[in-house]
Amino acid sequence: MEIKKLEVQKSEVHNSEVHNSEAQKSEVHSSLLYLDYCATTPIRPEVAQAIARTIEQIYGNPSSLHQAGRAAKKTLEAARETFAQLLTAKPSEILFTASGTEANNLAILGALKHPDLVGCHVITTVIEHPAVKNAFRELESRGHSVTYLPVNEQGVVQVEDFVDALRPDTRFVSVMMANNETGALQPVNEIAQICRSRGIVMHSDAVQAFGKVPIFVNDLPVDLLSLSAHKVYGPKGVGILYVKRRTKLFPVLFGGGQEKGLRSGTENVALVHGAAAAARMAVEEMGQEMERLKSLRDELQKRILDTVENVRITCPTVPVLPHVLHLTVADVLGETVLLELDRESICVSAGSACSSGSAEPSPVLQAMNVPDRFIHGSLRISLGKDTTQKDLDRFVDTFAGVVAQLRNMLPSSFPQIPTGV
Ligand SMILES: Cc1ncc(COP(=O)(O)O)c(C=O)c1O
């Protein structure tokens, strides 16, 4: 596939202030081991430079008819073309929003504004990101009947459960492509095919999956698909929504009618330009890079299991995003492990929500029936382009030390539930 190259020049920022802050950054971060690429990714320097250049030089409003406006419009449309090519869509099927969250909200709330869909039955899953889950809660408050599909013990939605949940009045379905905590891939293709055969509108949140696994809409019968640029070394604050031609979508924001009237607000040309450049690089490098990360991830998993007792791999035998390792550790709190690793300048994610001082296990792990002794010790380690073999040594050594130290602090009266429970 010929992908039009966006103009991204390397090392062209000469401002001394920027050089100073770069130097400070490398000093501060020289020992930082960032293993939280599912949360966000560092922007590629060449993308940041392309954005800086565009902010300065392409400042016109894409809706203006004069040459400054036309230059902005051209940049915006080139970015649209890039996303269309990457997804095998048409440029007219790509909308830009200000986040993956907004893309999800527009897809879900916008599709269900159709007068024929008032009060219809809709289906989603118990493992969706809050940007989908809370949009469905909103649908409930608007009178829709919502089915939240369960998952199996490895966090995967079962197609049979989906088929069982279908009703004559089911008109909209949203199932994520890969879960943001466990990385588990979901059977979106099979579910989308069933939806297509029944005329049900299908949305998928592909924010975590994009740039990690191939996604081509000419081969995937979804009507709506959400992406976010900051997961693929692009800027924060750019969402992308694929809207298949003829899908009935209504705006949820009102204003000047940009983005075919579906997402009013002056387009963020510079960030969208950077988002397209980052996405193109992610997709071009995907094959090799994901193979590299998968082999690092598999080795990390093995070494952790060889070194630390009573660690449970969350999705051991189902397809998972190649760069994600989710595990639970018996007899420790994931948040405490996270904070202790952070003291050693290692960044990972703990996958639980802290509310009013008490750490609640993640709803995703609860839905998977993770055993009691493990469920509070949840950790997500996600690798990325700066992860190297050497990082594995540092992580495993530090992690083993942290877990041993925390377990030593347990009172002897701590209930020793058998790990098989
Ligand atoms: C699966 C999933 N959907 C949606 C989002 C939200 O994207 P954004 O941060 O661009 O709003 C995220 C971000 O973590 C995500 O992981």
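The values are calculated or read from the model by the stated rules, or taken from the named source; none is laboratory data. Computed from a predicted structure; not experimentally measured. Heads up, the Cβs are rebuilt from the backbone with ideal geometry, glycines too, and the neighbour counts pull from every protein chain shown. The accessibility values were calculated without ligands, DNA or RNA, using every heavy atom of the protein model including side chains. Shrake-Rupley method; radii C 1.70, N 1.55, O 1.52, S 1.80 Å.
Structure above, values below:
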{"read-out": "Test for residue 81: is it in a helix (DSSP H, G or I) and either within 16 Å of the ligand (Cβ to nearest atom) or more than 13 Å from residue 239 (Cβ to Cβ) (or both)", "value": "yes"}
{"read-out": "Candidate set: the stretch 73-115, residues that are free of Cβ contacts under 8 Å to residues at least 60 places away in the same chain and either closer than 17 Å to residue 202 by Cβ or out of contact with any helix residue (DSSP H, G or I) (no Cβ under 6 Å at 6 or more places or on another chain) (or both); chosen: the one surrounded by the fewest Cβ atoms within 10 Å (Cβ to Cβ)", "value": "115"}
{"read-out": "Residue in the stretch 299-312 that is among the acidic types (Asp, Glu), surrounded by fewer than 21 Cβ atoms within 10 Å (Cβ to Cβ) and in a loop (DSSP other than H, G, I, E, B) present", "value": "yes"}
{"read-out": "Failed criterion for residue 174 (all others in (1) closer than 19 Å to residue 248 by Cα; (2) among the hydroxyl-bearing types (Ser, Thr, Tyr); (3) away from the ligand (no atom under 16 Å from the Cβ) hold)", "value": "(3)"}
{"read-out": "Check on residue 245, part of a strand (DSSP E or B) and either open to solvent by 20 Å² or more (accessible area, probe 1.4 Å) or not assigned by TED's automatic domain parsing to the domain that holds residue 146 (or both)", "value": "no"}
{"read-out": "Filter pass, residue 217 being in the same structural domain as residue 134 (by TED's automatic domain parsing), under 19 Å from the mean Cα position of the chain (by Cα) and within 16 Å of the ligand (Cβ to nearest atom)", "value": "no"}
{"read-out": "Hits in the stretch 376-408 (condition: touching a helix residue (DSSP H, G or I) at 6+ places or on another chain (Cβ under 7 Å) and over 24 Å from residue 298 (Cβ atoms))", "value": "376, 406"}
{"read-out": "All positions within the stretch 84-106 that are within 11 Å of the ligand (Cβ to nearest atom) and of a type in the set (A, V, I, L, M, F, W, C)", "value": "98, 103"}
{"read-out": "Whichever residue in the stretch 116-132 is within 20 Å of residue 192 (Cβ to Cβ) and of a type in the set (A, V, I, L, M) and, among such residues, is most open to solvent (accessible area, probe 1.4 Å)", "value": "126"}
{"read-out": "The stretch 346-358, residues that are closer than 19 Å to residue 180 by Cα and either modelled with pLDDT under 95 or buried (at least 19 other Cβ atoms within 10 Å of the Cβ) (or both)", "value": "348, 349, 350, 351, 352, 353, 354"}
{"read-out": "Out of 396, 364, sole residue that is under 17 Å from residue 309 (Cα atoms) and outside the structural domain of residue 148 (by TED's automatic domain parsing)", "value": "396"}
{"read-out": "Per-region count, the stretch 119-155, residues within 16 Å of the ligand (Cβ to nearest atom) and assigned to a loop (DSSP other than H, G, I, E, B)", "value": "5"}
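The rows are residues; the columns are (1) touching a His at 6+ places or on another chain (Cβ under 7 Å); (2) open to solvent by 60 Å² or more (accessible area, probe 1.4 Å).
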| position | (1), (2) |
| --- | --- |
| 134 | no, yes |
| 137 | no, yes |
| 140 | no, yes |
| 148 | no, no |
| 151 | no, no |
| 161 | no, no |
| 174 | yes, no |
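For (1) modelled with pLDDT of 95 or more; (2) among the aromatic types (Phe, Trp, Tyr); (3) within 23 Å of the chain's Cα centre (by Cα), each residue gets a yes or a no:
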| position | (1), (2), (3) |
| --- | --- |
| 21 | no, no, no |
| 37 | yes, yes, yes |
| 69 | yes, no, no |
| 80 | yes, no, yes |
| 86 | yes, no, yes |
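Listed here are the residues, each with its yes/no results for (1) surrounded by fewer than 19 Cβ atoms within 10 Å (Cβ to Cβ); (2) assigned to a helix (DSSP H, G or I).
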site: 226; (1), (2): no, no
site: 237; (1), (2): yes, no
site: 240; (1), (2): no, no
site: 253; (1), (2): yes, no
site: 260; (1), (2): yes, yes
site: 271; (1), (2): no, yes
site: 293; (1), (2): no, yes
